[in-house]
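The values are calculated or read from the model by the stated rules, or taken from the named source; none is laboratory data. Predicted model only: the values in this text are computed from it and were never measured. Ideal geometry is used to build each Cβ from the backbone, glycine not excepted, and the neighbour counts take in all protein chains shown.
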């Protein structure tokens, strides 16, 4: 493995960062710190940096491995098994929704598509009204978002969008639909389009190259290939966290046990794994809310082919969006959706496209001329979009049950219609919704009639998700959520949740910046409480 | 057997199997183990690769054989990377597809190696649109495993017009 790009992780390891790959340990371990953080993604990374810069001794627990730019070869066949939960084939209980989540140091930020949006004002307004989160106004959060935008180089992306993205803008413009350009957390991006396979140039300002190295440089310890199994709870406190070391491939427990003790624990495993850890631990849940109201931004996909090449695999993956259909009705009216596009590498495209045999091969022949548009449905704002619930398999691993109501199906159909109309307006020759019974439609008229008739049913209509949120909702009132507005778990005095599972609804935008900003606020509060001193403002640090 | 009658028998058979399986699992909680594709399962995947990927395989016999072998190997590799609970489900699926009476009932296929393209297409389409969600998910698992394995490989990329990753950074 060679790469001309300097690898900050390799340099840090050489400089003596405390990183333990648990798959290599030969005996059981017992470690102690001020704070143990479970997860190294958007929530865990920001927390680790702020707490360790506040002078606290931190241990970070990560189920995935430590991979870095020298490992990121932009090959789907390596990236999905190595960097994603369940080889990027994590699914809901009924297998009807495919869920993309990271499982590597940096979590989903290592493999996401860099789209950075502040939490939309109507989402925050809803949280204030319905969940009493009075400190979560646009004004209150603005400094936290600004701080993390600076920390992670979140800026306007000035390079022209690739064809995949510009077609969304062109179609929207023709139809008089508003659209905008997406801000990205990149520094010196090469515009390769491989973000989903780990950034090979370290341009993406993921947790892997920012907050985690900063925490390690402050003396934090990172445990990789370590699965948090359960907290030992006693007298309303978490006494310790019991972990399993995993095998080198991360598939099963190696048999070695790791026991972690701390004054305080932070759960940042993402909105499926965090509730699952708390469920396995028997965390107090008198209102039966833990793991409930888990949201996915269910995603529908519309593929279109054009006379000209689109090459949707090349260039920054997501740079154009439209929020038009989030604002055509009240937030609790018919379900709204955000429009974006998807980078189309061969494996993910071939599996996303329905059908087999000659029909599938014919589609793939048009691969380089294909555009992939996405609609992200904003769940959680209506009684018929209550999200799903996290449960446990017999082996303790998590599974998400996510029913889809007629209300949501109505949005699925409208979103497929919208995308087809935009794609034809942008000059598409054919449009193909990802549905088992859809065929390529040659005109908007034909597509409109056909999509109106398609049966909206699970497993027939393809639904994806890359944004899992909720399940440990914050609420001012204990009847509204298992965590309080400071992210503290009710009934366990020394346990916080710092990740997207805090959100009482979906966000209505790609959630990474919502997690960065809100967790920066919560972690700073926690640092002050634990140290008795004001929290530091995390600034870009020299890595080693 | 006519397609319609095997599908009908398939519904009943699959329900009986599902019920039996659920009962069995309740009495014997599964011991989760790694699942490696055995020779029988590899034969099934080898037959399904051209049926699912379609006319994208090389025509020349040796090249075709090698392309199929490579895809089978990558399917095996993809399965090995799944969580153990999912590996168990994949193992159950291949057990079902290997067991002659269940296979005939559910797929209409007597023997994989002598199945015609027409029979394979009918089996796949039958499961794709089956009333039983379990068989739809099984179809989708085969769809994703085979197409994922086929298009993961650089040998498939030229035909797509996909240049592959920048060489300087992917060596």
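Here is a check on your reading of the model: is residue A:452 within 26 Å of residue A:331 (Cα to Cα), assigned to a helix (DSSP H, G or I) and modelled with pLDDT of 95 or more?
So residue A:452 fits the description; yes.
If only one of A:390, A:404 is within 14 Å of chain B (Cβ to nearest Cβ), over 23 Å from residue A:345 (Cβ atoms), surrounded by 22 or more Cβ atoms within 10 Å (Cβ to Cβ) and within 26 Å of the chain's Cα centre (by Cα), which one is it?
So the residue among A:390, A:404 that is within 14 Å of chain B (Cβ to nearest Cβ), over 23 Å from residue A:345 (Cβ atoms), surrounded by 22 or more Cβ atoms within 10 Å (Cβ to Cβ) and within 26 Å of the chain's Cα centre (by Cα) is A:404.
I'm checking my understanding of the structure. Among residues of segment A:61-92 that are at positive phi and facing another protein chain (nearest Cβ under 9 Å), which one is farthest from the chain's Cα centre (by Cα)? Please lay out each step first, then the result.
Of segment A:61-92, the ones at positive phi are A:74, A:86-88.
If we keep only those that are facing another protein chain (nearest Cβ under 9 Å) as well, we get A:74, A:86-87.
Numbers: A:74: 20, A:86: 15, A:87: 15 Å.
This residue is A:74.
Just for strands (runs of 3 or more DSSP E) wholly inside segment A:180-294: which have at least 1 residues that are closer than 29 Å to residue A:482 by Cα and within 14 Å of chain B (Cβ to nearest Cβ)?
It comes to A:226-234, A:237-246.
Sort through A:219, A:270, A:250, A:282 and tell me the only one that's on the phi > 0 side of the Ramachandran plot and over 26 Å from the mean Cα position of the chain (by Cα).
A:219
So, in segment A:46-84, of the ones that are touching a residue at least 60 places away in the same chain (Cβ under 8 Å) and within 20 Å of residue A:299 (Cβ to Cβ), which residue ends up surrounded by the fewest Cβ atoms within 10 Å (Cβ to Cβ)?
Looking at the filtered set, the residue picked out is A:76.
Does any residue of segment A:467-488 turn out to be assigned to a strand (DSSP E or B) and over 28 Å from residue B:83 (Cβ atoms)?
To start, the set of residues in segment A:467-488 that are assigned to a strand (DSSP E or B) comprises A:469-470, A:474, A:483, A:488.
Now restrict to residues that are over 28 Å from residue B:83 (Cβ atoms): A:474, A:488.
Yes, segment A:467-488 contains a residue that is assigned to a strand (DSSP E or B) and over 28 Å from residue B:83 (Cβ atoms).
Being out of contact with any helix residue (DSSP H, G or I) (no Cβ under 6 Å at 6 or more places or on another chain) and at positive phi narrows it down to one residue among A:427, A:391; which is it?
Testing whether each residue is out of contact with any helix residue (DSSP H, G or I) (no Cβ under 6 Å at 6 or more places or on another chain) and at positive phi leaves just A:427.
If the requirement is being within 14 Å of another protein chain (Cβ to nearest Cβ) and either in contact with a strand residue (DSSP E or B) (Cβ under 9 Å, 6 or more places away or on another chain) or surrounded by fewer than 22 Cβ atoms within 10 Å (Cβ to Cβ) (or both), which of these qualifies: A:378, A:366?
Step by step, each of A:378, A:366 is checked, and only A:366 is within 14 Å of another protein chain (Cβ to nearest Cβ) and either in contact with a strand residue (DSSP E or B) (Cβ under 9 Å, 6 or more places away or on another chain) or surrounded by fewer than 22 Cβ atoms within 10 Å (Cβ to Cβ) (or both).
Pick from B:154, B:165, B:101: which is more than 10 Å from every other protein chain (Cβ to nearest Cβ) and more than 23 Å from residue A:460 (Cβ to Cβ)?
Just a single option satisfies the conditions, and that option is B:101.
If residue B:25 satisfies every condition in (1) more than 9 Å from chain A (Cβ to nearest Cβ); (2) part of a helix (DSSP H, G or I); (3) within 20 Å of residue B:135 (Cα to Cα); (4) at pLDDT below 90 but one, which is the exception?
(1)
Is it the case that some residue within segment A:419-431 is surrounded by fewer than 18 Cβ atoms within 10 Å (Cβ to Cβ), under 29 Å from the mean Cα position of the chain (by Cα) and over 21 Å from residue A:338 (Cβ atoms)?
no
Name the single residue that is farthest from residue B:133 (Cα to Cα) among those in segment A:432-443 being surrounded by 18 or more Cβ atoms within 10 Å (Cβ to Cβ) and more than 14 Å from every other protein chain (Cβ to nearest Cβ).
A:441
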